[in-house]
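Report on one structure; see the data block that follows.
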Amino acid sequence: MTLPASRPAAAHDEQFAPADATIAIVTFNRSALLTRLLTSITAMDPKPGHVVIVDNASTDDTTDVVESFRDGIGTEIVYRRLDTNTGGSGGFSEGMRIAYELGSTWIWVMDDDVEVLPDGLAKMGKWAPRFRSIQGRRYDFDGSEFYWQYRIAERLGIPIPFAPSGFDASGYKEMNSGCFEGMFIHRDIVAQIGLPDPRFFIYWDDQTYGWLASRVTTSVIVNEFVLRRTREIKQWDMGIRHMNASSNAYRYYIMRNRALIKRYYRSLGVYQPVLFGLGTALTFTKELIRLLFVERTVRGTSNLFRGLRDGRAIARDPQWQPMPPLAVG
């Protein structure tokens with residue numbers, strides 16, 4: 001996989017057309033949350049040309065919920081129910097593939113636990129002539145401003161937790177990461193870097209994808225509130241920032257998927273063993289802190305070690321290849 005290190009200037013002649021945008025949603029057994037999201041899309045002005053819903057083999061009434069919105073949502077719904085649960089990574093990969101094959105110019109990806117503000121697409125669209133990888137802002141469940149770690153320490157492969165949160169008069173800040181809870185990306189970038197990698201299953205997938213995008217274009221987070229989180233998550237309030245609760249599955253993939261990041265770094269010639277190893281150690285320590293101070297337990301550490309063990313097999317796999325680009329040249 002070869003990507004240019006330089007990025008084009010942040011200016012494009014192409015004007016934004018809402019009908020050329022697609023919202024791609026991934027859902028799994030959360031039909032009540034999906035209902036809220038689809039209801040919010042019904043109230044949008046303007047609306048996207050398509051709404052793609054990827055269902056990770058839900059066993060609840062998700063299919064019925066989707067069908068109930070077909071006639072009233074005001075745009076075309078494309079529903080894809082997968083045979084198995086492929087995780088958020090697999091769902092977003094499939095959702096972006098469908099949107100790309102529909103001919104969408106812009107793809108706006110999101111989980112089912114957010115709702116879109118009525119003017120959200122208009123706010124994102126006003127930045128589209130300037131940038132091709134854009135992240136909007138979100139309100140948290142309680143209405144507070146949600147802080148997202150938009151920059152990573154590249155050699156460590158981890159987010160910078162205290163990157164400045166304020167915006168200057170420009171209204172944007174450059175980022176080198178990504179978040180599938182609101183990533184707004186141009187099809188030309190998807191063509192260059194390929195689809196999100198489903199092998200992550202969950203965790204680090206969007207950070208890695210956003211990092212890949214930032215290597216071929218100027219990626220930005222803009223001072224526009226476009227989403228609101230609709231699910232309350234247990235947190236540890238540290239004053240300036242919050243630390244969310246996790247799960248055993250997340251703990252496993254947080255450590256296992258460090259090996260996938262390592263493979264991408266190697267393929268692009270940026271891997272530095274000592275610094276990346278330090279990033280992995282810091283990640284492990286952070287998860288221990290999360291267990292102690294957010295979840296008030298020490299149970300779950302075995303999943304961290306199991307993830308590290310299984311990651312070693314990925315790191316040694318001679319057949320491993322990064323996701324291929326969708327277009328050549």
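Each value in this text was obtained by applying a stated rule to the coordinates, not by laboratory testing. As the structure is a prediction and not an experimental result, all values here were calculated from the model. All Cβ positions, even for glycine, are placed from backbone atoms using ideal geometry, and neighbour counts span all protein chains on display.
In this simple spin-label model, placing a label point 7 Å from the Cα along the Cα-to-Cβ direction at both S267 and A191 gives a separation of 2.0 nm. This ranking places Y253, Y264 by how few other beta-carbon atoms lie within 10 Å of each, fewest first, which gives Y264, Y253.
Once fully extended, how much extra length lies between T285 and R80, figured as 0.36 nm per residue of separation less the alpha-carbon to alpha-carbon distance?
On the way: separation 205, 0.36 × 205 = 73.80 nm, distance 3.85 nm.
Once the chain is fully extended between T285 and R80, it gains 70.0 nm.
By the count of other C-beta atoms within 10 Å, a proxy for reagent exposure, T42, T297, T217 are ordered fewest to most as T297, T42, T217.
For a straight C-alpha distance cut-off of 24 angstrom, the lysines reachable from K286 (same-chain residues fewer than eight places away being disregarded) are K234, K262.
When shorter helices are ignored and each DSSP H run of at least 4 residues is given -39500 (n - 2.57), the per-residue value for the chain at 222 nm works out to -10500 deg cm²/dmol. Across q = 0.20, 0.23, 0.28 Å⁻¹, region 131-187 modelled as identical point scatterers on its alpha-carbon atoms has Debye log10 I(q)/I(0) values of -0.87, -1.10, -1.34, in the order of the q list.
Close amide-amide hydrogen proximity is noted between V78 and V51, V52, I53, each under 5 Å apart and 5 or more residues distant or on a separate chain (H modeled in the peptide plane; Pro and chain starts excluded).
Label separation (S247 vs A313): 2.2 nm, computed from points 7 Å beyond Cα along the C-beta direction. When a/c reaches 1.5 or more, the comparison of a/b and b/c decides; with that in mind, is region 85-243 rounded, prolate or oblate per its Cα gyration tensor? In terms of gyration-tensor shape, rounded.
Give the relative contact order (percent, whole number) for the chain; include only Cα pairs under 8 Å separated by 6+ residues. If you can, show how the numbers build up before the last one.
Numbers: 658 pairs, mean separation 69.4, N = 329.
Once normalised by length, the contact order is 21 percent.
Among G120, S58, T217, whose Cα projects farthest towards the positive end of the dipole of the chain, with charges put on the beta-carbon of Lys, Arg (+1) and Asp, Glu (-1)? Result: T217.
Which helices, counted as full DSSP H runs in the chain, have an axial Cα extent of no less than 15 Å and a Kyte-Doolittle average of -0.5 or above? Helix filter hits for the chain: 31-42, 87-101, 273-293. Listed by chain and number, the lysines placed with their C-alpha closer than 29 angstrom to that of K47 are K123, K126, K173; residues fewer than eight positions away on the same chain are left out.
Proximity of backbone amide H atoms, modeled 1.01 Å from N, is registered between E224 and R137 at under 5 Å, excluding neighbours fewer than 5 places apart on the same chain. From the coordinates of this entry, log10 I(q)/I(0) by the Debye sum over Cα atoms at q = 0.06, 0.09, 0.12, 0.15 Å⁻¹ is computed, and it appears in (1) -0.34, -0.71, -1.07, -1.28; (2) -0.19, -0.45, -0.84, -1.38; (3) -0.22, -0.49, -0.85, -1.25 under the label (2). In sequence order, region 170-185 has phi-based couplings of 5, x, 8, 9, 5, 10, 10, 9, x, 9, 6, 8, x, 4, 10, 9 Hz under the Karplus curve 6.51 cos²θ - 1.76 cosθ + 1.60, θ = phi - 60°, and Gly or Pro positions carry x. Short to long, the 5 Å bins of the Cα pair-distance histogram for region 237-316 hold 3, 15, 24, 22, 16, 12, 7, 2, 0 percent of all pairs. The Cα center of region 251-329 and the Cα center of region 189-209 differ in position by 14 Å.
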